[in-house]
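*Asks:* Attaching a single structure in structure tokens format; questions to follow.
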Amino acid sequence: MPIKAPRGTYDIMPPVSRSWQVLEERLKEVARLYGYQEIRTPLFEYTELFERGVGEGTDIVSKEMYTFYDKSGRSLTLRPEMTASCARALIEHSAHTGLLPIKWFYYGPMFRYDRPQSGRYRQFHQFGVEVFGSASPMVDAEVLMMMVQMLKAIGLKEYRLHLNSVGCPSCRDSYRQALLDHIKPFCKELCPDCQQRYQQNPLRVLDCKNPGCHQAITGYPRLLDHLCADCARHYQRVQETLKGHGISFLHDDQLVRGLDYYTNTAFEIHIPGIGAQSAVGGGGRYNGLVKAIDGPDLPGIGFALGLERLLLAMQQNHTLNQHRNGIEVFVAVMEAQYEDIAISILQELRAAGIAADKDYMDRKARAQMKYADKLGAPLVLLVGDEEVKAGFVTVRNMTSKRQVAISRADLIPGIKNLLQQNEEEQA
Ligand SMILES: [Zn+2]
Ligand SMILES: [Zn+2]
């Protein structure tokens, strides 16, 4: 039996890989417009980082991590997300002693031992941002505006932004008690996980993916009604700023993140019409995280977009098909003796930034034209007796079938002209 890719993983094959490149380029470009710089961290970290930075009570840490021991017996884990790694890098490099706020973006594979299902993989990709050092609600608003602009940049104009505030540890304390009192009479109806964890952290019940748990506690008290004055003002300011700049959103009481270091703004973004798993990204403020892993008391906020989901949404919204893939000019050799001339022409084109190729399978002239057509080359350059002797090349436009002669001296400007003309005709 031939070996296959491990369960829950997959290959990104051409031409789909071109769509990935386009997606990455556009997201990076928006991040650049907002003043973000890229951070790259290792694919694995000491397990302890995620236990403390993601939280031992979470599904990610308790069930979904790829944890292994290296040859020296150290426990390592493939990163299940990036926020903890970013916070670790910040502390390790004392980045907070430089200019604040720190604005980072990242892109890459994450790993979770999850049950593979459609659109969900064990190695999946995220594009995300983190801002450290500012607790301003204006940063929350800017991060959300950027997220929306990223979706627009990849052709996704319709979105549903869910927003909530989870307050701060002090206002959450009073809420926790109210929630605990509400849940207690119904605790027998909760799933086994929730029965175990609700006493310690009743917010986790709101977090639970099990719909039965939500049903059991309907009419639960709202976190919004328990926010302290500072947290209420913060949330108010975020909402006003979004409204003032045309970002629509809906307040969502169920959007909670049960861990202590999460504070204030929490959000999720959905694309309508891509199925039950419509969330393509989410994030929030985590003012307690850096301190929780022994760093300075530094506020932070971030989000991550799931790229598999984004691509799915792009496919369904037909924003993927126009990505041209492959070469711009094919050089067809009419006589084998002109191979070297063809290669000089190819190198000249490539040096000028024009993607070009030729045949390497000993195809006859006619088969070369067919091959060029299959490659999708808009222009084919013919190199034959006549051309070589008189010092020109014949250029055929593969769509219009028009042919023109360009002298070798004018090759590059001539080809660039024709490529541009062709592009204008296609548009
Ligand atoms: Zn508060
Ligand atoms: Zn539950």
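The values are calculated or read from the model by the stated rules, or taken from the named source; none is laboratory data. Keep in mind that this is a model prediction, so the values were computed, not measured. Please note: Cβ atoms are built from the backbone with ideal geometry, for glycine as well, and neighbour counts cover all protein chains shown.
*Asks:* LYS243 passes all but one of (1) crowded, with 21+ Cβ neighbours inside 10 Å; (2) modelled with pLDDT of 95 or more; (3) of a type in the set (D, E, K, R); which number fails?
*Replies:* The one condition LYS243 does not meet is (1).
Residue by residue, here is whether (1) near ligand 2 (Cβ under 8 Å from one of its atoms); (2) of a type in the set (Val, Ile, Thr); (3) not in a loop (DSSP other than H, G, I, E, B) holds:
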{"site": "GLY212", "(1), (2), (3)": "yes, no, yes"}
{"site": "GLN215", "(1), (2), (3)": "no, no, yes"}
{"site": "THR218", "(1), (2), (3)": "no, yes, no"}
{"site": "ASP230", "(1), (2), (3)": "no, no, yes"}
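*Asks:* Sticking with this one: Of the residues in the stretch 197-210, how many are part of a loop (DSSP other than H, G, I, E, B), closer than 21 Å to TYR261 by Cα and near ligand 2 (Cβ under 8 Å from one of its atoms)? First the steps, then the outcome.
*Replies:* Pass one, the stretch 197-210, residues part of a loop (DSSP other than H, G, I, E, B): 198-202, 208-210.
This time we only want the ones that are closer than 21 Å to TYR261 by Cα, so: 198-202, 208-209.
Remaining after also requiring near ligand 2 (Cβ under 8 Å from one of its atoms): 208-209.
Number of matching residues: 2.
*Asks:* Please find, within the stretch 207-227, the residue that is nearest to ligand 1 (Cβ to nearest atom) out of those that are small (Gly, Ala, Ser) and farther than 22 Å from GLY167 by Cβ. So that I can check it myself, show each step before the final result.
*Replies:* Of the stretch 207-227, the ones small (Gly, Ala, Ser) are 212, 216, 219.
Pick out the ones that are also farther than 22 Å from GLY167 by Cβ and you get 212, 216.
On the way: GLY212: 31, ALA216: 27 Å.
The residue in question is ALA216.
*Asks:* Looking at the stretch 69-84, is at least one residue more than 30 Å from GLY35 (Cβ to Cβ), of a type in the set (A, V, I, L, M, F, W, C) and in contact with a Leu (Cβ under 8 Å, 6 or more places away or on another chain)? So that I can check it myself, show each step before the final result.
*Replies:* Narrowing the stretch 69-84 to residues more than 30 Å from GLY35 (Cβ to Cβ): 69-78.
Filter once more, so that each one left must be of a type in the set (A, V, I, L, M, F, W, C): 76, 78.
Still in the list and also in contact with a Leu (Cβ under 8 Å, 6 or more places away or on another chain): 78.
Yes, that holds for at least one residue.
*Asks:* Here is a further query. In the stretch 261-279, which residue that is assigned to a loop (DSSP other than H, G, I, E, B) and among the polar types (S, T, N, Q) is nearest to VAL139 (Cα to Cα)?
*Replies:* SER278
*Asks:* GLU81: assigned by TED's automatic domain parsing to the domain that holds GLU29, surrounded by fewer than 20 Cβ atoms within 10 Å (Cβ to Cβ), in contact with a helix residue (DSSP H, G or I) (Cβ under 7 Å, 6 or more places away or on another chain) and of a type in the set (Asp, Glu), yes or no?
*Replies:* Taking the combined requirement at face value, the residue satisfies it.
*Asks:* Also, quick follow-up: If I ask for residues that are among the charged types (D, E, K, R) and on the phi > 0 side of the Ramachandran plot, which ones from the stretch 347-395 would you list? Spell out how you get there, then give the answer.
*Replies:* Filtering the stretch 347-395 down to residues among the charged types (D, E, K, R) leaves 348, 350, 357-359, 362-364, 366, 370, 373-374, 385-387, 389.
Of everything in the stretch 347-395, just one residue is among the charged types (D, E, K, R) and on the phi > 0 side of the Ramachandran plot, namely ASP362.
*Asks:* If you don't mind, another one. Look at the stretch 143-166 and say how many of its residues are in contact with a Phe, Trp or Tyr (Cβ under 7 Å, 6 or more places away or on another chain) and either in a loop (DSSP other than H, G, I, E, B) or closer than 20 Å to PHE105 by Cβ (or both).
*Replies:* Pass one, the stretch 143-166, residues in contact with a Phe, Trp or Tyr (Cβ under 7 Å, 6 or more places away or on another chain): 143-144, 146-148, 151, 161-163, 165-166.
Add one more test, that the residue is either in a loop (DSSP other than H, G, I, E, B) or closer than 20 Å to PHE105 by Cβ (or both), and what stays is 143-144, 146-148, 151, 161, 166.
Residues meeting the conditions: 8.
*Asks:* Another question, then. Determine, yes or no, whether GLY282 is touching an Asp or Glu at 6+ places or on another chain (Cβ under 9 Å), part of a loop (DSSP other than H, G, I, E, B) and either surrounded by 15 or more Cβ atoms within 10 Å (Cβ to Cβ) or of a type outside the set (A, V, I, L, M, F, W, C) (or both).
*Replies:* Details: touching an Asp or Glu at 6+ places or on another chain (Cβ under 9 Å): yes; part of a loop (DSSP other than H, G, I, E, B): no; either surrounded by 15 or more Cβ atoms within 10 Å (Cβ to Cβ) or of a type outside the set (A, V, I, L, M, F, W, C) (or both): yes.
Here the answer is no, as GLY282 does not meet what is asked.
*Asks:* Something else now. Can you name the residue in the stretch 160-191 that is touching a residue at least 24 places away in the same chain (Cβ under 8 Å) and more than 30 Å from VAL143 (Cβ to Cβ) and is also farthest from ligand 2 (Cβ to nearest atom) among such residues?
*Replies:* Residues of the stretch 160-191 that are touching a residue at least 24 places away in the same chain (Cβ under 8 Å), as a first pass: 160-172, 174-176, 178-179, 182-183, 186, 189-190.
Next, only the ones that are more than 30 Å from VAL143 (Cβ to Cβ) stay: 182-183, 186, 189-190.
Details: HIS182: 15, ILE183: 11, PHE186: 11, GLU189: 10, LEU190: 5 Å.
So, considering only residues that are touching a residue at least 24 places away in the same chain (Cβ under 8 Å) and more than 30 Å from VAL143 (Cβ to Cβ), the one farthest from ligand 2 (Cβ to nearest atom) is HIS182.
*Asks:* Here is a further query. Could you list all residues from the stretch 341-360 that are in contact (Cβ under 8 Å) with a residue 40 or more places away in the chain and outside any helix (DSSP H, G or I)?
*Replies:* Narrowing the stretch 341-360 to residues in contact (Cβ under 8 Å) with a residue 40 or more places away in the chain: 341-342, 345, 348-349, 352, 354.
ALA352, ILE354 - these are the residues of the stretch 341-360 that are in contact (Cβ under 8 Å) with a residue 40 or more places away in the chain and outside any helix (DSSP H, G or I).
*Asks:* A further question on this structure: Residue check, CYS194 against (1) assigned by TED's automatic domain parsing to the domain that holds LEU161; (2) within 9 Å of ligand 2 (Cβ to nearest atom), all met but one. Which one?
*Replies:* (1)
*Asks:* When you look at GLU142, is it under 28 Å from GLN236 (Cβ atoms), acidic (Asp, Glu) and assigned by TED's automatic domain parsing to the domain that holds GLY275, yes or no?
*Replies:* So GLU142 passes the test.
*Asks:* Are any residues in the stretch 87-117 at positive phi and within 16 Å of the chain's Cα centre (by Cα), and if so, which ones? Quick ask: steps written out before the conclusion?
*Replies:* Restricting attention to the stretch 87-117, the residues satisfying the condition of being at positive phi are 94, 108.
The answer is GLY108, and nothing else.
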